[in-house]
Amino acid sequence: MDGLLKRRIGAGVVDLVVQGMVSGVLEKTVLKRIKNKAVHSLITEPVVNFLIETVQLSTGSGQTVGQRLFQIQVVSENGQPLAIKQIAKRIVYRETIAPIKGWKNREVYWQDGSVLPEDEFAQTRVVRTVK
């Protein structure tokens, strides 16, 4: 397994913790009027996670909190700043089709962690940041 892939996994775990904390606070404060757990798990959490990641990646750094900690960054293959459409495509593909495609071709993706199925689809790649 590539070192970059290990960094991506670590960053993903940190991002899940951050997103879970934000979702939890929102559920306890702002959304306490909605008592249905299904609404929170099927609508609130995915929407909050999508918005958090989109905001973090579109702020110019191309990094989430986890990616900053693990010193990696999402960049566009064309050298331009990440577009909102690109970020949205990447997130939606990652949450729907990428797990299946990634499992089918796992040998290829595990060798080079810079481009996973969602990166191919959104024309992005993940690189190490130099510090």
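Here, each number is a calculation from the coordinates, and none is a lab measurement. Quick caveat, the model's predicted, so the values are computed rather than measured. Every residue, glycine among them, receives a Cβ derived from its backbone with ideal geometry; neighbour counts consider all protein chains shown.
Among the residues of the range 85-131, write down those that are polar (S, T, N, Q) and at negative phi.
Within the range 85-131, Gln86, Thr96, Asn105, Gln111, Ser114, Thr124, Thr129 qualify.
Counting only residues that are within 11 Å of the chain's Cα centre (by Cα), without any contact (Cβ under 8 Å) to a residue 40 or more places away in the chain and surrounded by fewer than 18 Cβ atoms within 10 Å (Cβ to Cβ), how many does the range 93-103 have?
The number of residues fulfilling the criteria is 0.
Yes or no: the range 53-65 includes at least one residue that is closer than 17 Å to Leu4 by Cβ, touching a Ser or Thr at 6+ places or on another chain (Cβ under 8 Å) and among the polar types (S, T, N, Q).
Yes, the conditions are met somewhere in the range 53-65.
Examine the range 104-125 for a residue that is free of Cβ contacts under 8 Å to residues at least 12 places away in the same chain, of a type in the set (Phe, Trp, Tyr), assigned to a helix (DSSP H, G or I) and surrounded by fewer than 18 Cβ atoms within 10 Å (Cβ to Cβ), and state whether such a residue exists.
no
Closer than 17 Å to Val18 by Cβ and among the small types (Gly, Ala, Ser): does that describe Gly102?
When the stated conditions are applied, Gly102 does not pass them.
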